[in-house]
Amino acid sequence: MWDFIGERGDLIAFNALQHANLVLQAVLVATLVAVALAVLVNRFRVLDPIANTISAIGLTIPSFALVGLLLPLTMIGATTAFICVAFYATLPILRNAVVGFAQVDETLIESARGMGMSEASVLLRVRLPLAWPVIHAGVRTSVQMSMGIAAIAAYVLGPGLGGYIFTGLSQAGGVNAVNYALVGTVGIVIVAVIADLLMLLLGRVTISKGIRA
Amino acid sequence: MTQTESSPGSSPEGAISGAELRLENVVKRYPGQKAAAVESLSLTIPAGEIVAFVGPSGCGKTTSLKMINRLIEPTSGTIRLDGEDIRSESATSLRRKIGYVIQGGSLFPHMTVATNVAVVPKMLGWDSKRIATRVDELLDLVGLDPDRYRDRYPRELSGGQQQRVGVARGLAADPPVLLMDEPFGAVDPITRQRLQDELISIQRELRKTIVCVTHDIDEAIKLGDRILILQEGAKIAQYDTPDTILAAPANDFVADFVGAGSSLKQLSLTRVRSLDLGQPTTAHVGEDTGPVVRRAEEAGDDSVVVLDDRDRPVAWPWLRQVRHNDRVQSTPRELLVTLDQAATLNDALDTMLTSAHSKVIVTGDRDRYLGVVDFESVTEHMRRTERDAAQQMQDAGGHEAVDADG
Ligand SMILES: Nc1ncnc2c1ncn2[C@@H]1O[C@H](COP(=O)(O)OP(=O)(O)OP(=O)(O)O)[C@@H](O)[C@H]1O
Ligand SMILES: [Mg+2]
């Protein structure tokens, strides 16, 4: 086992970084998209049930099915992996962002308007910071979930640690099968734990002390 | 409509910094409702006065108020600020010169006290040094020590302190007009009375045009230079000074609303400053107690009013407590309950009931010490007014009653 890791150390580290990188980029884009969608939902309340349905149903689509649907459109490669991860990553953030925005006390918004804030300022200086703890929690969930999804993305030859798991599965019974599967799985868990710690740190830095739990 | 640059500290007392507000046939009809929330309101609010809007729940007070800063657009009619139609500029730039204070202060919980107060100055593009100075000045004005409170978050403040910051925030860019919607509705009676006193004291210095919505007639009588009593649909039942409304209610609605017992209401009309204040022994923090004790004994006082370096009362120890120490001690200023000179006799009696001294310390601008009022002087004043009123009744015969009905 240690020999196995020793021989491939650099490659494993590289793949771990690739894995983290894929998740980071996908979650970043997902956050922007989800928050933008939530702003729309908050403005036009009729969209509320639609957004809820999408985030509920979306999560039930098996990721392999989505990969299958995407393949004819985007071909095998990193793009497909990215789209797939970003799609799932958006859903928990969207749900939390909608809830987070709805929880903001309307009298605060009215007070902000009454003081002469423009609609953009109301959003950026009041609504977003107040909803941020809830949105941040959604992002954190999303990061964890995306770690697993990114492994499946390896199936479409995206980057990351998922490749080891699939190699392990395809060589079942072979000499290194268990090693491959273990390195892939444990590697993902380690990356996920580190990512979660970083997310906690991000929360510390970005959530105002005045509203921190 | 210029932004006055003067700070409250430097503006000469009595100079009006407010602007006139005029409502002309203002109507508000909410979609899908038969009756108009505001039927047709016409009203002039003179520059530099506090006008209190009172009336039963749902009569249209809040709607009328929010039309002034365009949070609600009137269905028809015109509102003028300093003679100019408020629609002649954008809603946001209008609102930056109209302070807005609502119940509980409505502070942004994710911003510190200083950031909350600085919201409007920042939007107006003030530089950070000017903003910092202004924030400290305002916190001081509303009776909060800047060094202690500027970096706190709203949840680290009491309800009354939050409300004070709310008022400071409303005044931040020195707007000519301040709109307040039930500003003191969410705090306990003692705190409310203190906040009212402070507002009156601040207004004495600043002379803004203030519109204050309340459903408490006593608050209206106390705060208002004029009171606007509204009926369903924001119909004006009476618009006049508190004295006139109490002495001559325009109709049964007003009479009912103001309530019976108008000689008791005199208690809420008379200000503490119209009494003769007692002058017990005072001392400054840090003074040697020896001479202080001697002064008190000579004057026959059993307690000493302790003032800080700005002549604000900070403690009120008994003489025997003073004797314990070599130097005069202070306590945090917030712990001492005092009355502003504009407080009513009603407030004075309330406060005395909870005071160990059965007297109350009276303060003027910026909490400066003025003197002490005791129970006897209040009752003496009451007896005198009652005697005077009886005398007048006799002199005037039945005329008064006829006039009031007409
Ligand atoms: N956004 C709205 N849509 C429809 N009707 C409204 C709206 N806001 C207020 N109203 C109605 O307009 C009338 C006046 O309301 P307003 O809030 O001005 O009353 P108020 O005098 O401030 O009452 P309160 O003392 O309870 O605060 C009420 O009948 C109320 O139901
Ligand atoms: Mg109201």
The ³J(HN,Hα) series, computed from each phi in segment B:365-371 with the Karplus coefficients 6.51, -1.76 and 1.60 at θ = phi - 60°, rounded to the nearest Hz and given as x for glycine or proline, is 4, 6, 6, 5, 5, 10, x
Quick one: among B:GLN238, B:GLN321, B:GLN103, which has the greatest mean-square fluctuation in a GNM of chain B with alpha-carbon springs under 10 angstrom? B:GLN321
Any chance you could look up the accessible area of B:TRP318 with a 1.4 Å probe, heavy atoms only, rounded to 10 Å²? 70 Å²
Could you order B:LYS61, B:LYS129, B:LYS34 by accessible surface area, starting with the largest, using a probe radius of 1.4 Å? B:LYS34, B:LYS129, B:LYS61
Using r as the Cβ-Cβ distance of A:SER170 and A:LEU24, and R0 as 22 Å, what FRET efficiency do you calculate, to the nearest 0.05? 0.20
Figure the gain on full extension for B:ALA36 and B:ARG366 (residue separation times 0.36 nm, minus the Cα-Cα span) and round it to one decimal in nm. 114.4 nm
Please identify the helices of chain A, taking whole runs of DSSP H, that span at least 30 Å along their own axis as judged from the Cα atoms and have a mean Kyte-Doolittle score of 1.0 or higher. A:2-43, A:78-103, A:128-153, A:177-206
Nonlocal amide H pairs with B:ASP240, under 5 Å, H built at 1.01 Å: B:ILE227, B:ILE229
Residue-by-residue Karplus 3J(HN,Hα) for segment B:121-126, coefficients 6.51, -1.76, 1.60, Hz, glycine and proline x: x, 5, 5, 7, x, 5
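Would you mind putting B:310-317, A:60-67, B:215-222 in packing order, based on average other-beta-carbon counts within 10 Å, highest first?
Per-residue mean Cβ counts within 10 Å order the peptides as B:215-222, B:310-317, A:60-67.
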Looking only at B:GLY170, B:GLY32, B:GLY125, which one moves most when chain B is put into a Gaussian network model with springs between Cα atoms under 10 Å? B:GLY32
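Heavy atoms only, probe 1.4 angstrom, no DNA, RNA or ligands counted: give me B:LEU94, B:LEU335 ranked by accessible area, highest first.
Values: B:LEU94 0, B:LEU335 130 Å².
Of B:LEU94, B:LEU335, the descending order of accessible area is B:LEU335, B:LEU94.
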Chain A, Gaussian network, Cα under 10 Å: of A:ALA177, A:ALA38, A:ALA195, the residue fluctuating most is A:ALA177
In the protein assembly as shown, taking the dipole from +1 charges on Lys and Arg beta carbons and -1 charges on Asp and Glu beta carbons about the Cα centre, the listed residue (B:GLY233, B:LEU157, B:LEU144) farthest towards the positive end is B:LEU157
With R₀ set to 25 angstrom, the calculated FRET efficiency between the beta-carbons of B:THR244 and B:ASP276, to the nearest 0.05, is 0.40
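Assuming R0 = 51 Å, can you tell me the calculated FRET efficiency for the pair B:GLU287 and A:VAL99, based on Cβ-Cβ distance, to the nearest 0.05?
0.30
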Leaving out same-chain residues fewer than 8 places away, which lysines sit with a Cα under 23 Å from that of B:LYS235? B:LYS28, B:LYS34, B:LYS61, B:LYS66, B:LYS222
Amide H to amide H, which residues 5 or more places from B:GLU287 or on other chains are under 5 Å from it, using H placed in the peptide plane? B:VAL328
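The values are calculated or read from the model by the stated rules, or taken from the named source; none is laboratory data. Bear in mind that the values here come from a model prediction, so they are computed numbers and not experimental data. Because the Cβ atoms are built from the backbone with ideal geometry, glycine has one as well, and the counts that use them run over all protein chains shown. All accessible areas refer to the heavy atoms of the entire protein, side chains included, with ligands and DNA or RNA removed. Shrake-Rupley method; radii C 1.70, N 1.55, O 1.52, S 1.80 Å.
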